[in-house]
Amino acid sequence: MATTLPRPAQVSRPPALRGVAAPAAHAWHRAPPARSLTQDLALPIAAAGAALLVTALVVTGGRAHPLFALAAFTLLTAWVSALARPVQVPGVILVGWLFLDGFVVHRMSDLGLRQDDLRALFVLALAGAAGAGCAAVVRAVTYRRSAVHGADD
């Protein structure tokens, strides 16, 4: 014995609105954006990348060239910040600076707050902001494109 439920009554639109598309859902009704695993694991990725970069710099003698090490950490910070959620970007910057200052500049895991150390922190903060800003622009363009085209894609 199958029981069938009655169908809800169809709501008819006023004659003036027939043929006009229904308004789009408001922003608070839309589904949240898709999150990826790299966004959730940005801090462990930053720590692992920084540890591998420090190891490579120690093995190749790159610790003798602090500007080269800063450039390498700047690229790593910008790349991981582009992958991270915006909330995690300060943590990514701090992890990069801790590894750079502790193992490359001061060599024995000592942290310092001299002028050069603060300059390196500022450069990494700019790189993190640039990476996060570029990622935000890409996400906004992708979101806008999907909102404009809707189900056409």
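The values are calculated or read from the model by the stated rules, or taken from the named source; none is laboratory data. As the structure is a computational prediction, the values presented were derived from the model and not from experiment. Note: ideal-geometry Cβ built from the backbone for every residue, glycine included; neighbour counts use all protein chains shown. Heads up: the accessible areas ignore ligands, DNA and RNA and are worked out on the full protein's heavy atoms, side chains in. Shrake-Rupley method; radii C 1.70, N 1.55, O 1.52, S 1.80 Å.
With respect to the conditions (1) farther than 17 Å from Gln39 by Cα; (2) open to solvent by less than 30 Å² (accessible area, probe 1.4 Å); (3) part of a helix (DSSP H, G or I), Phe122 falls short on a single one, namely (2). Quick check on my filter: what residues within the range 48-106 are touching a residue at least 24 places away in the same chain (Cβ under 8 Å) and of a type in the set (S, T, N, Q)? Those that are touching a residue at least 24 places away in the same chain (Cβ under 8 Å) and of a type in the set (S, T, N, Q): Thr74, Thr77, Ser81, Gln88. Take the conditions of a type in the set (S, T, N, Q) and more than 23 Å from Thr38 (Cβ to Cβ) and apply them to Gln88. Does it pass? Against the criterion (of a type in the set (S, T, N, Q) and more than 23 Å from Thr38 (Cβ to Cβ)), Gln88 does not qualify. Of all residues in the range 125-153, those that are open to solvent by less than 50 Å² (accessible area, probe 1.4 Å) and hydrophobic (A, V, I, L, M, F, W, C) total 5.
When the helices (runs of 4 or more DSSP H) confined to the range 1-112 are screened for residues that are open to solvent by 30 Å² or more (accessible area, probe 1.4 Å) and modelled with pLDDT under 80, those reaching at least 1 such residues are found at 37-40.
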